[in-house]
Amino acid sequence: MTTTSSIHYNRKKSGFTIVELLVVIVVIAILATITIVSFSSITTKGNDSSTEAAVNAFKKKADLYTKDGPTGAYPIAATDLTSDTTKSYYLSDYTVTYVTTNASRTVSASNGTKTINVRKCSGSLTSQASITATNITGLQIISWDFSDKNYNTTTIGTGNCPAA
């Protein structure tokens, strides 16, 4: 004969309590949060590394252009590095845009791993339009910094790099 206490005992063992389910849900939420934060940090570091590779590739190709190029100076347009695939200074895989103002920058968080902007520099403060192969003394490379969520600038050569 079955008593009521044994029936009650069997019912209690047949499922999970609300508290047990809540504990499991909280543990899963904590683990998911840790995973998402770790993944975000790894992605940011990877994007910064890709951006650094793009900047370094441009710097090397710009230096090669000064040695092997037709003018013996820094390139004054993106096509100087991207138009002739037979040249040692040919740059592929990256989008290079020469900009004249801060408003004309095209690099951002959405394209910053493969896109860089460049400003020409000269010995005296002048406008971007008046810097030519005869007076260019350096380049300012503008890239996206994924860690700081802002623009990062690197200068090769010397001179002033006006924003207009």
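Side notes on the structure shown:
- The angle separating the long axis of helix 18-68 from the principal Cα axis of greatest extent in the chain is about 10 degrees.
- Per-selection Kirkwood Rh - the range 4-157 (Cα, Å, 1 d.p.): 19.1 Å
- GNM result for the chain, Cα springs below 10 Å: residue of Ala57, Ala103, Ala32 fluctuating most strongly: Ala32
- Evaluated with a Cβ-only charge set (Lys, Arg +1; Asp, Glu -1), the range 4-157 carries a dipole of roughly 460 debye about its Cα centre, given to the nearest 20.
- Taking a sphere under 13 Å around the Cβ of Asp48 and counting the other residues whose Cβ falls inside, with K and R at +1 and D and E at -1, yields a net charge of -1.
- With R₀ set to 41 Å, the beta-carbon distance separating Thr33 from Thr101 gives a calculated FRET efficiency near 0.45.
- Highest GNM mean-square fluctuation among Thr106, Thr35, Thr137, for the chain modelled with Cα contacts below 10 Å: Thr35.
- In terms of the mean number of neighbouring beta-carbon atoms within 10 Å, the peptides 128-135, 157-164 order highest first as 157-164, 128-135.
- Ordering 41-49, 119-127 by mean Cβ neighbour count within 10 Å, with the highest value first, yields 119-127, 41-49.
- Rounded to the nearest 10 degrees, the angle from helix 4-13 to the longest Cα principal axis of the chain is 10 degrees.
- Whole-number percent relative contact order across the chain, with pairs defined as alpha carbons under 8 Å at least 6 apart: 19 percent
- Charge sum, other residues only, whose C-beta stays under 14 Å from Tyr65's C-beta, Lys/Arg counted +1 and Asp/Glu -1: +2
Computed from the coordinates by the stated procedures, all read-outs in this text should not be read as laboratory data. Keep in mind that this is a model prediction, so the values were computed, not measured. Ideal geometry is used to build each Cβ from the backbone, glycine not excepted, and the neighbour counts take in all protein chains shown.
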